[in-house]
Amino acid sequence: MSARAWSLPWCLVPAGVGRKGDGSSDLVARARRGDPSAFDEIVRRHQKRVYNLAYRMLRRREDAEDITQEAFLRAFASLPRLRDDRAVGTWVCRIAANLCLSWLRSKAHRSEVPLESAPLPQLMPDEQGASAEIVRRTRAALARHPPAYRLAIAAYHLEGCSYREAAGVCGVGVPTLKTRLYRARKMLREMLASSVFCDREVMP
C-alpha cells in the first residue's frame, strides 16, 4: 500500500492521484490582458477542484458553493499578483482554504446540531461504494481534527495533490505538511479504533 493510502479508510482514498500541472499559463496571461473568456475558462477548469476542497472542509453544499464563488472573485481581483501562472489552480485552492479556515474559526458558523440528525450528504466520488456507516464514522472523525490537519488530509489524500501542491494549498512548507499528515493520520487511526468513539459529528 502506498504512503498516500496508509492508515486511511479505503472509502477516502481516490482511485487516481497527482497532477502534473495546471496548464493554465496562457489563460492567465490572456486574463491579465483583459480577456474575460480566459478567466471563464480558468473557472471552468478548476471550479470542481476548489469546490471539492471546500466541501471536504465544511461538509455543507451551500457553504462550499459560497466559498468557491468568493475564492474565484478574490482570485480575479488578485490575478496581477499571481507569481506562478502554471499553478493557478493550486493558488485558487489556497484562497479557498484560507476562506474555509476563517469560516471554521467564526463562532457564528459553529454547528449547534449534530450532523447525524441530518440526511447524509451526497457521497463524494471517492466515497462511492463505501457503506454509509464507514463514511459517517470517517467523516465524524475528520470533523474532530483541527482544521489545519483536516486541510492537509483533504489536499494531499483526498484531492490527490503532490506534497508540494498540498503544502502550497495549506500555506506551509513540505516538512510541516508531512508532520501534519502524520499527526492527522495517527489521530484518525486512534479515533476509528477507539471503542469509546463518539458517534456524533460536530463541526469544530
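Enumerate the calculated ³J(HN,Hα) couplings along the range 167-175 in order (Karplus 6.51 cos²θ - 1.76 cosθ + 1.60, θ = phi - 60°), each rounded to whole Hz, writing x wherever the residue is Gly or Pro.
Ordered by residue, 3J(HN,Hα) equals 4, x, 4, 7, x, 9, x, 4, x Hz.
Tell me the label-point distance for the pair THR179, ASP35, using the 7 Å Cα-to-Cβ offset, in nm and rounded to one decimal.
4.3 nm
Highest mean first, what order results for 29-36, 159-166 on Cβ atoms within 10 Å? Please report the intermediate quantities before stating the final value.
On the way: 29-36: 13.2, 159-166: 20.1.
Order by mean packing, descending: 159-166, 29-36.
Each residue of the range 76-88 in order: what ³J(HN,Hα) in whole Hz does its phi give by Karplus 6.51 cos²θ - 1.76 cosθ + 1.60, θ = phi - 60°, with x for Gly and Pro?
Ordered by residue, 3J(HN,Hα) equals 4, 5, 9, 3, x, 9, 5, 7, 10, 4, 6, 10, 4 Hz.
For a protection proxy built on the mean count of beta-carbon atoms within 10 angstrom, sort 140-148, 75-83 highest first, please. Show your work: numbers first, answer last.
On the way: 140-148: 19.0, 75-83: 12.4.
Going from most to least packed, we get 140-148, 75-83.
Laboratory data are not the source of any read-out in this text; all were calculated from the coordinates shown. What you see is a predicted model, and the numbers here were worked out from it, not measured in a lab. Neighbour counts are summed over all protein chains in view; Cβ atoms, including those assigned to glycine, are modelled from backbone coordinates with ideal geometry.
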